[in-house]
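The block underneath contains the structure these notes are about, expressed in structure tokens.
The values are calculated or read from the model by the stated rules, or taken from the named source; none is laboratory data. What you see is a predicted model, and the numbers here were worked out from it, not measured in a lab. Positions of Cβ are generated from backbone atoms using ideal geometry, with glycine treated the same way; all protein chains shown enter the neighbour counts.
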Amino acid sequence: MIKAWLRTVIDEKLHSSITFSGTVTKIWNELKERYSAGNAPRVHQLKSDLNECKQGTRFVVEYYTALKMIWDELAGYSKVPTCTYGAGAALTREREEEKVHQFIMGFNSALYGHIRSNLLMEDNLTSLSRAYALVLREERHKAVTRIQEEKTEMDMAAKTSSGCGRSTTSPQKEADAESPLPPKCTYCKK
């Protein structure tokens, strides 16, 4: 029965190579040996990608997503030992800490170097989700601050171009400029 199932799920081109293989175990082992590819090159490539993954000019969400994709694929290749007396929990915690280190190592130092320092100063390294939330909050704060600064600059430019802030240079005004009172704007009278 299992032989029949194998014949239905295997490509028809392979039928002739397994027809006379004998037992189901022999067929399975032969196919496994023939078609299982080694994972070492892919794992090496993923670890290399992880090492080179930096935030650069990307938003935090984009940077974290790139890391998460690599971590998830690596987890598929990971061989987790069976848990004996809490070893599984300790291994999971160690892997979580490694991810936190990888995440904060790739920060744009000019923007988030101080957050990296703060996270590393804690007695117990924070979780990955908390580190991500802190950096995301800081990125949003910087965006709001930048928008407010740009608005202030635009308001100042608008006032200057509308005449506000300009003083006249007529001879009478120059004489008034020598007085202790500051010159007045001819547009807004301030």
Query raised in the report: Has the range 94-111 got any residue that is in the same structural domain as residue 50 (by TED's automatic domain parsing), under 14 Å from the mean Cα position of the chain (by Cα) and over 20 Å from residue 58 (Cβ atoms)?
Result: no
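Inside the range 80-109, can you point out the residues that are aliphatic (A, V, I, L, M) and part of a helix (DSSP H, G or I)?
The first filter runs over the range 80-109 and keeps only residues aliphatic (A, V, I, L, M), leaving 80, 87, 89-91, 100, 104-105.
Selection gives 87, 89, 90, 91, 100, 104, 105.
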Report task. Look at the range 136-188 and say how many of its residues are on the phi > 0 side of the Ramachandran plot and at pLDDT 75 or above. Result -> 0
**Report entry** Residue among 112, 64 that alone is surrounded by 13 or more Cβ atoms within 10 Å (Cβ to Cβ), touching an Asp or Glu at 6+ places or on another chain (Cβ under 8 Å) and part of a helix (DSSP H, G or I)
**Finding:** 112
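Restricting attention to the range 70-86, and to residues there that are aliphatic (A, V, I, L, M) and loosely packed, with under 12 Cβ neighbours inside 10 Å, which single residue is nearest to residue 53 (Cα to Cα)?
Taking the range 70-86 and keeping what is aliphatic (A, V, I, L, M), we get 70, 74-75, 80.
In the following step, the residues that additionally are loosely packed, with under 12 Cβ neighbours inside 10 Å were identified as 75, 80.
Values: 75: 17, 80: 25 Å.
That would be 75.
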**Report entry** Matching residues, the range 115-137, being assigned to a helix (DSSP H, G or I) and free of Cβ contacts under 8 Å to residues at least 24 places away in the same chain
**Finding:** 115, 116, 117, 118, 119, 120, 121, 129, 130, 133, 134, 137
Requested in this report: Kindly list, by first and then second residue, each pair from a residue in the range 47-59 that is outside the structural domain of residue 71 (by TED's automatic domain parsing) to a residue that is loosely packed, with under 15 Cβ neighbours inside 10 Å and part of a helix (DSSP H, G or I), limited to pairs with Cβ atoms under 7 Å and residues at least 6 apart or on different chains.
Outcome: none
Query raised in the report: Quick one: would you say residue 96 is surrounded by 13 or more Cβ atoms within 10 Å (Cβ to Cβ) and acidic (Asp, Glu)?
Result: yes
Report summary line: Exactly one of 33, 62, 73 is among the acidic types (Asp, Glu) and either in contact with a strand residue (DSSP E or B) (Cβ under 7 Å, 6 or more places away or on another chain) or modelled with pLDDT under 90 (or both), and that one is 33
